[in-house]
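Just so you know, all these numbers are worked out from the coordinates, no wet-lab data involved. Treat the numbers as computed from the prediction; the structure is a model and nothing was measured. All Cβ positions, even for glycine, are placed from backbone atoms using ideal geometry, and neighbour counts span all protein chains on display.
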């Protein structure tokens, strides 16, 4: 009985919660006769094909640092379990527009968490998808900081309001957009926020 209690106590005290210290944004587009292969090619263009991707939800950790894609990709080891927020969309309709985007909103206070958002859309340009994802991340962050957002206000105006209010430090997005392959092959667009440096 005492052994069991010791094991339980030891297990509780040794639990470590992985919190990433760095994140990078990346994107890619892939085309193939097979949908899964087009996804693989998109990951290759994004530089993250050699990872075992684990999709997570959308919190940018406190004190986490946004790094350049090149630095992030260089830090990945083949086969590594890699946590990421991923937006992914595919089409095999010739000429159909597809876009995937990751939005990011960071607070002025680095000890507070930020937000990442995923967005996938048909018939959208990179600009439209990116603005939507960025708006989504900023709106989620603003709501946690007690900043009111009028959803009827254009995004450019709202972005200024949020930044001027001193509550949000920065917003950005990473977007991949493409038109469906003219021969009807699968076209996949992927955008991702990849966590590294635990």
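Arrange the following residues from fewest to most other Cβ atoms within 10 Å of their Cβ: 152, 21, 35, 167.
In increasing order of surrounding Cβ atoms, one gets 152, 21, 35, 167.
Give me the distance between the Cα centres of the range 56-77 and the range 109-186, rounded to whole Å.
Between the Cα centre of the range 56-77 and that of the range 109-186, the gap is 18 Å.
How do 160, 185 rank when sorted from fewest to most other Cβ atoms within 10 Å of their own Cβ?
Lowest to highest Cβ neighbour count: 160, 185.
I need 112, 122 ordered by Cβ neighbour count within 10 Å, fewest first.
122, 112
Gaussian network model of the chain, Cα springs within a sub-10 Å range: biggest mean-square fluctuation belongs to which of 65, 154, 55?
154
By how many nm would the segment from residue 164 to residue 36 lengthen if fully extended, with 0.36 nm per residue of separation less the alpha-carbon distance?
Working: separation 128, 0.36 × 128 = 46.08 nm, distance 4.39 nm.
Length difference between fully extended and current span is 41.7 nm.
Please state, to two decimals, what the Cα-based radius of gyration of the range 145-198 comes to when divided by 2.2 N^0.38 Å (N = residues).
Against the empirical 2.2 N^0.38 Å value, I get 1.75 for the range 145-198.
Subtract the Cα-Cα distance of residue 125 and residue 143 from 0.36 nm times their separation in residues, and report this length gain in nm to one decimal.
Going from the current span to full extension adds 3.8 nm.
Rg and Dmax of the range 65-198 over Cα atoms: what are they, in angstrom?
16.4, 50
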